[in-house]
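What follows is one structure encoded as structure tokens, with my remarks underneath.
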Amino acid sequence: MDSNSKLFSLWTKRTLIFHLSIMEIKMRYKESFLSFLWIGLEPLFMFIILYVVFSNIREPREENFAIYLISGIIFYHLFTKGTMTGLTSIKNNQGILKSLAINKNIFPVIAVTTTALLLTVEVGIFFGIMPFVSFIPSWTLIMMPLVIILLLGLILGLSYLLSILYVKIPDIQPIWTILMYALLFVSPIFWSIDQANDILLTIQQINPLGQIIELSHKIVFNEIPDIEEWLKTALMVSAILVIGYIFFKKFEKTIVEEL
């Protein structure tokens with residue numbers, strides 16, 4: 001079966017993917033007292049903590065810092081949740097893989113679908129904060145779906161790669177967790193590009209998440225990103241997606257034996 005046939009096979013299983021994504025969310029919060037409320041509470045609490053800290057130590061205080069911060073946090077939070085779900089997607093479903101002849105591609109795709117479902121809640125938080133800080137959204141927000149597509153593509157590419165690595169090297173999970181903490185500080189979430197020093201700017205140039213967050217900031221604040229910025233970010237995401245997919249296809253046939 002060629003790649004196009006497999007992609008078509010995934011499309012025909014879209015209902016199954018959707019239901020498995022819902023199940024993934026239910027399993028994630030099933031033992032929590034607040035249950036699904038945590039979908040919105042996690043990024044909201046993160047926003048409140050960072051806003052209280054940085055709004056008091058930054059001089060001068062930027063106008064609309066709250067919106068700048070929450071827009072960055074939402075993309076960061078979705079990225080971390082999506083990639084961690086993708087990382088464990090094969091190993092957590094080893095029972096299904098061992099008992100059924102199922103397209104293994106489906107599990108990284110479920111990680112992306114789960115992220116897309118969580119996105120609906122976090123977008124609500126984003127718009128819900130606007131009245132409290134007297135922020136009026138700009139027409140440029142109509143371009144935000146393009147940024148979201150780039151984010152989902154990045155998550156899918158990394159999910160393909162990490163899901164295989166996690167089976168082969170279990171230590172990849174704590175390593176990736178540490179990298180996620182590092183990304184919080186080296187991505188333009190609570191700092192802006194014009195405040196960054198040489199090291200941060202250098203990291204930003206090779207940080208696809210940082211590039212995506214910067215695109216979102218410009219769109220939120222009524223600025224149309226240059227075509228070069230779109231192309232650079234799209235090329236980075238596409239390269240990661242292709243590399244991740246090739247890596248996944250190379251090892252998917254033997255991965256069940258290693259589970």
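Where a number appears in this text, it was derived from the coordinates with a stated rule and is not lab data. On a predicted model such as this, the values are computed, not experimentally measured, just so you know. We place every Cβ from the backbone using ideal geometry, glycine too, and count neighbours over all the protein chains shown.
Between the alpha-carbon centres of the stretch 169-190 and the stretch 222-253 there is a gap of 19 Å.
Here the 3J(HN,Hα) profile of the stretch 74-90, calculated from phi with Karplus coefficients 6.51, -1.76 and 1.60 at θ = phi - 60°, is 4, 5, 5, 5, 5, 5, 5, 5, x, 6, 5, 5, x, 4, 8, 5, 7 Hz, Gly and Pro shown as x. Peptides 130-141, 39-50 ranked from most to least packed by the mean count of surrounding Cβ atoms within 10 Å: 39-50, 130-141. For the chain, the residue among Ile73, Ala111, Ser99 whose Cα projects farthest onto the positive side of the dipole built from Cβ charges is Ser99. The peptide list 81-91, 63-73, 153-163, put in order of mean Cβ contacts within 10 Å with the highest first, becomes 153-163, 81-91, 63-73. For the pair Leu235 and Asn197, label points projected 7 Å from Cα toward Cβ lie 3.0 nm apart. Here the Karplus relation 6.51 cos²θ - 1.76 cosθ + 1.60, evaluated at θ = phi - 60°, turns the backbone of the stretch 111-123 into coupling constants of 4, 6, 5, 4, 4, 5, 5, 5, 4, 4, 6, 6, 5 Hz, with x for every Gly and Pro.
Based on Cβ point charges of +1 for Lys and Arg and -1 for Asp and Glu, what charge dipole magnitude is obtained for the chain about its Cα centre, in debye rounded to the nearest 20? Intermediate results must be reported in sequence, preceding the final value.
Details: 18 positive and 19 negative charges, 241 e Å.
Around 1160 debye, computed over the chain.
Here the label points at Phe65 and Glu223, each 7 Å from Cα along the C-beta direction, are separated by 1.8 nm in the simple model.
3J(HN,Hα) along the stretch 219-232, derived from phi through the Karplus expression 6.51 cos²θ - 1.76 cosθ + 1.60 where θ = phi - 60°, amounts to 5, 4, 9, 6, 10, 8, x, 5, 4, 5, 5, 4, 5, 4 Hz, with x in place of Gly and Pro. Modelled spin labels at Ile142 and Ser55, positioned 7 Å past Cα toward Cβ, are 3.2 nm from each other. Where does the charge balance sit around Ser138 when Lys and Arg score +1, Asp and Glu -1, over other residues with C-beta under 15 Å from its C-beta? Value of the local net charge: -1.
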